[in-house]
């Protein structure tokens, strides 16, 4: 895209994107670190996640302020407008993801006396979700709608893995009642991961809206692909 | 390298340095050149006015003598017998000559007599006004002095100047004939030049296509406004008198010739006035579906009228003061009587001024100046009207 | 655009030359009935020229040549038997600079119906003047001073008077050539509001330099660039997700 005639607007748009990526980086790190604390049983890491959440919240407020002033003063249109709107939505999803990561760290701290023994499914799920988050953020950074579509597509696998994890967890609970606390905490962590994945999907959908101008929320994957390639019109 | 355009934070002095002072001096010098030029122009104008008014004002008074007039039968054949012999040379021969004719018109007056203030000879007039070169003989000078102490000679308002035509006798010469001539010529000029000029301008400005031919016409019209006016006289002579057979020296010949001269001025002024009408008015009219004629007639022309009038009046004023072309069509002649039709020989005010100025008798000098005063008064009032109209037209849309 | 039968004006392959310069390179456009259609684009892109083709105002310009079809409800307005005067009673025009005649407000409205023989002076004419002024939302402001000159009104009022003057000839289409470029924001808003009301009865085509105005006031937007129609579509689509990169660049202020 060519440069904006008004240099300061261009600078503001660039700054906005950078702030989102910065926030995304923090969130991704928080998710990674919270899961590491769970898997490596490292309460220090968990505490770090909880401490760092304030930075994410601060960024959310800052980005909201930026988008507000851009809407009021610059009256963005077309691609710029879509970027600002997508930003407003993405920021909420990121903030929620940050909170969910904090929730995971919080749950980990509670497992001190009841360590989670069976972590392999949780690890698989975490890998998938972290990859999903990474895809969404990469798609945003490079305005790559194909990557965003991939991210959306991953959701099926995440859901499947999550269900499998829940069934597995349930069998452990039934096997050994002493594991109930740990099992419930593991279930909560799994649920948080699954929801982080959902937020990543939201972000990816917003990236597609931002790049292509199509709203593919609440449509099936095939229709979405057809919309994007221009075979279908929106009406 | 430092930025040469950076605001200087160091030097915040608001006082003028040498260079600025020099610049200020140049400014005031320039202003004074203008004032001097203006003063010079004013001085010339003042000198001209004082000279003309000083010379011309006495002409509005004329000497009259109170004499005993006898209308005997003999007067009919020898008008000199109407007045006492002693005073004969003091009385205007123009008046004396008119007695027999008057008596023919009023036979009942024969045999009567009366005391009458009659027009004095121009020599008496000049003597009374104290002008050098009055040419009054010594013996008459004493007589006039005597009459003056008796109150039998005085200076009265010169009605004859406005009520009679040209004459070889200065005391009897007036501007009436030439003024009527001027009015006739001007009316004819207006009648020919204004409609033709305005229509030409409207066509060129509003209807004509913009091509080489119309541009050629434009250039020629602009050039015509600048050529020496005497050429119009030659043109008028060739076309109107020699080719069309209009009588020489007639108001018609003069009017047509001056119309030719005024045409370019009117065309240029009208075009300027039409061009000053904003195009948005034309667009508005066209946009509402008005035809070209309706647009021009209903909207453009009414807005241009003040400008057109101004241009026309200035053109006519110029025509009124013009002499050169009229010289060629024979209007610079001795024509004592006012014309009764536009085909009769006539003269005009500036021509009258010119003929008087060429007379050898000194008494005509003050008539010349008085004629100039009348001409100037008319021209200035015409220009005043033009200025007034121009001010009215200076509204914006 | 779909081939909707509800099109007021249909333009097919319209080309225009000023002497040797081709100002429009074949424009195809359907202007829907009862909607506001906006033409946007940088200066000199041909949008005003195109607008003026629609009621043949370009006829006045020497050296201007038009080729292609402009159909008003199927009738070619460039057909040899078309009377331009008649055409302009169907397609009225409002100009950039408010240009009321330097006559009374009443005269401004009554002029066109009179010259077209639609109506003689009298009570009918009074009623027509009132209706036109009411439709242009200016009646309340001028009803007590109909005899005063139209040029004494404020800029915005003058422009609404000009719209009323156009309405008085009962056109189907009203063309507006940057009608708000000389007006302040409040006066502009009033004109935009007026357009929104007028589109119930008239088809409105507006040329504007102000993209926000096109966004606010129009239903359809056409983007012109260098004599080409680059993109045409619903205003919401053009302003949120234009299909053409050049449109995108222009709308977001990245033009160049």
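Quick rundown of the values:
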read-out: Residue in the range C:205-214 that is touching a residue at least 24 places away in the same chain (Cβ under 8 Å), within 14 Å of chain A (Cβ to nearest Cβ), surrounded by fewer than 17 Cβ atoms within 10 Å (Cβ to Cβ) and within 24 Å of residue C:55 (Cα to Cα) present; value: yes
read-out: Residue check, residue B:282 more than 14 Å from every other protein chain (Cβ to nearest Cβ) and not in a loop (DSSP other than H, G, I, E, B); value: no
read-out: Every residue from the range C:174-189 that is assigned to a helix (DSSP H, G or I) and either out of contact with any helix residue (DSSP H, G or I) (no Cβ under 8 Å at 6 or more places or on another chain) or surrounded by 16 or more Cβ atoms within 10 Å (Cβ to Cβ) (or both); value: C:185, C:187, C:188, C:189
read-out: Whichever residue in the range C:111-124 is at the interface with chain B (Cβ under 9 Å from one of its Cβ atoms) and either in contact (Cβ under 8 Å) with a residue 40 or more places away in the chain or more than 17 Å from residue C:170 (Cα to Cα) (or both) and, among such residues, is surrounded by the fewest Cβ atoms within 10 Å (Cβ to Cβ); value: C:116
read-out: Only one of B:187, B:191, B:235, B:204 that is under 17 Å from residue B:327 (Cα atoms) and modelled with pLDDT of 90 or more; value: B:235
read-out: Filtered residues of the range B:210-227 (kept if away from chain C (no Cβ under 14 Å) and in a loop (DSSP other than H, G, I, E, B)); value: B:225, B:226, B:227
read-out: Residue that is nearest to residue B:279 (Cα to Cα), among those in the range C:22-67 that are over 18 Å from the mean Cα position of the chain (by Cα) and within 14 Å of chain B (Cβ to nearest Cβ); value: C:61
read-out: Criterion violated by residue B:289 - all others in (1) in contact with a helix residue (DSSP H, G or I) (Cβ under 6 Å, 6 or more places away or on another chain); (2) assigned to a helix (DSSP H, G or I); (3) at the interface with chain C (Cβ under 8 Å from one of its Cβ atoms) satisfied; value: (2)
read-out: Single residue of C:108, C:55, C:99 found to be in contact (Cβ under 8 Å) with a residue 24 or more places away in the chain, touching a helix residue (DSSP H, G or I) at 6+ places or on another chain (Cβ under 7 Å), buried (at least 17 other Cβ atoms within 10 Å of the Cβ) and farther than 26 Å from residue C:153 by Cα; value: C:55
read-out: Residue list for the range B:305-315, filter: more than 15 Å from residue B:204 (Cα to Cα) and in contact with a helix residue (DSSP H, G or I) (Cβ under 6 Å, 6 or more places away or on another chain); value: B:306, B:307, B:309, B:310, B:311, B:312, B:313, B:314, B:315
read-out: Output for the range C:242-253, where each listed residue is within 7 Å of chain A (Cβ to nearest Cβ) and surrounded by fewer than 21 Cβ atoms within 10 Å (Cβ to Cβ); value: C:253
read-out: Residues being over 20 Å from residue B:165 (Cα atoms) and assigned to a helix (DSSP H, G or I) - total across the range B:101-116; value: 6
read-out: Failed condition for residue C:237, given (1) in contact with a helix residue (DSSP H, G or I) (Cβ under 9 Å, 6 or more places away or on another chain); (2) within 14 Å of chain A (Cβ to nearest Cβ); value: (1)
read-out: Breaking point among (1) in contact with a helix residue (DSSP H, G or I) (Cβ under 9 Å, 6 or more places away or on another chain); (2) assigned to a helix (DSSP H, G or I), for residue A:76; value: (2)
read-out: Unique match (being away from chain C (no Cβ under 13 Å), surrounded by 14 or more Cβ atoms within 10 Å (Cβ to Cβ) and out of contact with any helix residue (DSSP H, G or I) (no Cβ under 7 Å at 6 or more places or on another chain)) among A:61, A:41; value: A:41
read-out: Residue A:117, sole failed condition from (1) closer than 28 Å to residue A:102 by Cα; (2) away from chain C (no Cβ under 14 Å); (3) in a helix (DSSP H, G or I); value: (3)
read-out: Failed condition for residue C:224, given (1) buried (at least 24 other Cβ atoms within 10 Å of the Cβ); (2) under 19 Å from residue C:112 (Cα atoms); value: (2)
read-out: Hits in the range C:157-166 - residues which are away from every other protein chain (no Cβ under 11 Å) and either at pLDDT below 90 or within 21 Å of residue C:31 (Cα to Cα) (or both); value: C:163
read-out: Check on residue B:380, loosely packed, with under 15 Cβ neighbours inside 10 Å and in a helix (DSSP H, G or I); value: yes
read-out: Any hit, the range B:268-278, residues being in a loop (DSSP other than H, G, I, E, B) and surrounded by fewer than 18 Cβ atoms within 10 Å (Cβ to Cβ); value: yes
read-out: Helices (runs of 4 or more DSSP H) enclosed by the range A:142-235 - at least 1 residues per element that are on the phi < 0 side of the Ramachandran plot and at pLDDT below 85; value: A:221-228
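The values are calculated or read from the model by the stated rules, or taken from the named source; none is laboratory data. Everything numeric in this text was worked out from a predicted model, so none of it was measured. For neighbour counting, all protein chains shown are included, and Cβ atoms are generated from backbone atoms with ideal geometry for every residue, glycine included.
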